[in-house]
Amino acid sequence: MNSVDNNLLSAIETNWYSFVVSIFVFFILYFMARKRIGFGLRVITGLVLGLLAGILLQNLDLDTKAITTFGSIYVSLIKMLVIPLVFVLVLNSIASLTSLEYLRKIGFKTFAWFLGTTGVASIIGLLIALLFNPGKGIRQAVPEGFEAREIPTFSQVILDLVPSNPVLEAANGKVVPVLIFALFIAVAIIKVGSRNAEAVRPVRELIASLTQVLHQVVKFIIRLTPYGVFALIAGITARYGWETLQELGSVIVTSYVALIVHFVLVFGGLVLLVARVNPIRFFKKIYPTIAVAFTTRSSFAVLPVNLEVITKRLHVSDKIASFVAPLGASVNFNGCGGIWPAIVAVFTAQVYGIDLTGTDYIVLVLVSIISSIGVAGVPGPAVISTTVVLTALGLPLEGIGIVAGDEALIDMGRTAVNATGTTVTSLLVANAEGEFDREAFNRDEDEDLVLNPA
């Protein structure tokens, strides 16, 4: 008991500053919610206050454990939903279809947009890196203790995707095998239902009911988003500070320029030219997704928020959103699998004085597309894609170690681009299939109904 008391007293003594700051900011955000201030504005407020709090605590050299604990709680709660949400939503989305031909059609379009935009992202990353020369003049030792991650063989990648024990896969947080298991069940429901609709009616009703319950749980947790964003961004700012931005600043600048170019030109262009909607209105509607992705650095963690944004703010049908969004969290990585490996490859080649040829550039783009498939949507997976690309080009893997210190800062932008790409694809597929309510999209008065507390 004494040790517990001592630990408690120690925690209070070393963390009371950050605890008081957190409570103060939480009160501000709660007051804004009570006054019915829009969800998006509260998220932005949390982000700005998090930046200020992080800078203050770092400059005063104060412990931030209390704030980071709040952020970890938020991420844990939102990750809690991932496995059941993916399983139920994929079931609900596909089982509601009456034709396997329709499933093949939307599946082909979804993968085409995912892989196509990743390829374009890789080209943009390559061109921006060649323009900015981020590795020019840099000679830095590999961080002590850095170990390159092992590249799984092709056969191992395939085996990891196949669910041998769905319950165990779910317990281990492996989303892709759970998604595939749900796909098998959903297709079986369609096949059996085509012969005997009554046989699968109870199953369809159960799935529909579970979907509604999970949506309500999602709403509960989404209301915590402004608080979670504050805690996460405050912890990151206090930990890395401005010193990290100064070191290898050219890599950070190059990465964010490429991410912004892809975000504005590719995503904005697709929304304007293909979906024929106002890109500014589109980005305004999806900024809760961008903010949460930026702070959590996890495509899976942002999934519940993204689903709400896609269906309630973009007015894409549940059928399309429930299929595209969970799949996008597993295979759509424009930032992590497209832009980042290309920049690191050019950076590494320049640092070590290795010349890349036109053939190398072609290989880089193709390998980036392939390696991005199946990258887990959790913080840090871009290392695997980058390792595969560097190995394919014969470049030293130590290049990854040199940029490792800035990985977290750049990963925030990469994840925001990943999540936005999934949102864009949902809109494009829905528009092609007549599952996009254009009139509702052009209205603004209902944007915050779902995301504001009752």
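Descriptive notes on the structure:
- Of all residues assigned to segment 92-112, none qualifies as being modelled with pLDDT of 80 or more, touching a helix residue (DSSP H, G or I) at 6+ places or on another chain (Cβ under 9 Å) and buried (at least 23 other Cβ atoms within 10 Å of the Cβ).
- Within segment 60-89, residues that are among the basic types (Lys, Arg) reach partners that are surrounded by fewer than 16 Cβ atoms within 10 Å (Cβ to Cβ) with beta carbons closer than 8 Å, at six or more positions or on different chains, in the pairs Lys65/Ala11; Lys65/Thr14; Lys79/Gly173.
- Segment 321-340, residues that are in a helix (DSSP H, G or I) and under 10 Å from the mean Cα position of the chain (by Cα): Gly328, Ala329, Ser330, Gly335, Cys336
- Qualifying residue in segment 315-331 (condition: over 17 Å from Ile128 (Cα atoms), at pLDDT 90 or above and touching a Phe, Trp or Tyr at 6+ places or on another chain (Cβ under 7 Å)): yes
- Complete set of residues in segment 267-316 that are among the β-branched types (Val, Ile, Thr) and within 18 Å of the chain's Cα centre (by Cα): Ile286, Thr289, Ile290, Val292, Thr295, Thr296, Val302, Val305, Val309, Ile310, Thr311
- Hits in segment 350-409 - residues which are part of a loop (DSSP other than H, G, I, E, B), touching a helix residue (DSSP H, G or I) at 6+ places or on another chain (Cβ under 6 Å), modelled with pLDDT under 75 and aliphatic (A, V, I, L, M): Ile373, Val375, Leu397, Val403
The values are calculated or read from the model by the stated rules, or taken from the named source; none is laboratory data. On a predicted model such as this, the values are computed, not experimentally measured, just so you know. So basically every Cβ, Gly included, is an ideal-geometry build from the backbone, and we count neighbours across all protein chains shown.
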